[in-house]
Amino acid sequence: MPGQDRPALRGVIEGAGHKAAECGIKSLALQGAAARALKAHGIQISADPKQPYLYINVNAYRVMQGSTVVGCTTRLGVSVRGNPDAEPQLGGFRPKAGSYVVLCEAGRLLSGSQRDVAGNVAKAFEADIRSCLAQLSY
């Protein structure tokens, strides 16, 4: 079947909950940004838990002036992660729980009006995913 030898990543999104929704940031928009960026790099989307994953994290906070919402501040993080075949040990330290390896990482802080932040976040995530993927060889 064509395309089976193309690299694949599954997606993991964290932080797209209540606080992000208050700023207009929706998980579906982040999924769309991820799908566009992966497609642009020739990477398939996988549901296989054994595959490495594109980790997307958003922390969103409303900016208040008194009791009035005047904007939102967000911290965006993107990385490609995978679970190692064997648990690593560094200088006598090893994880008590599972571990992962970060293959690339990108992120930024964004602030803006509540009206504009959702669109800006989706565009920034897409750019950060592309930046992260550009750090990889595949």
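Over the chain, DSSP H runs of length four or greater, each weighted -39,500 (n - 2.57), average out per residue to a 222 nm ellipticity of -9000 deg cm²/dmol. Computed over protein heavy atoms with a 1.4 angstrom probe, the accessible surface ordering of Y55, Y138, largest first, is Y138, Y55. To put it simply, the accessible area of the chain at a 1.4 Å probe is 52 percent carbon and sulfur.
Computed on protein heavy atoms with a 1.4 Å probe, the accessible areas place D5, D48, D85 in the order D85, D5, D48, largest first.
A 1.4 Å probe run over the range 1-76, with the rest of the protein chains in place, finds 59 Å² accessible per residue.
Taking 0.36 nm per residue of separation and subtracting the current Cα-Cα distance, fully stretching the chain between R62 and F93 would add 7.3 nm. Per residue, the average separation of C-alpha pairs within less than 8 Å and at least 6 apart gives the chain a relative contact order of 27 percent.
The values are calculated or read from the model by the stated rules, or taken from the named source; none is laboratory data. Please read these numbers as outputs of a predicted model, since none were measured by experiment. What goes into the accessible areas is simple: the full protein's heavy atoms, side chains included, and nothing from ligands, DNA or RNA. Shrake-Rupley method; radii C 1.70, N 1.55, O 1.52, S 1.80 Å.
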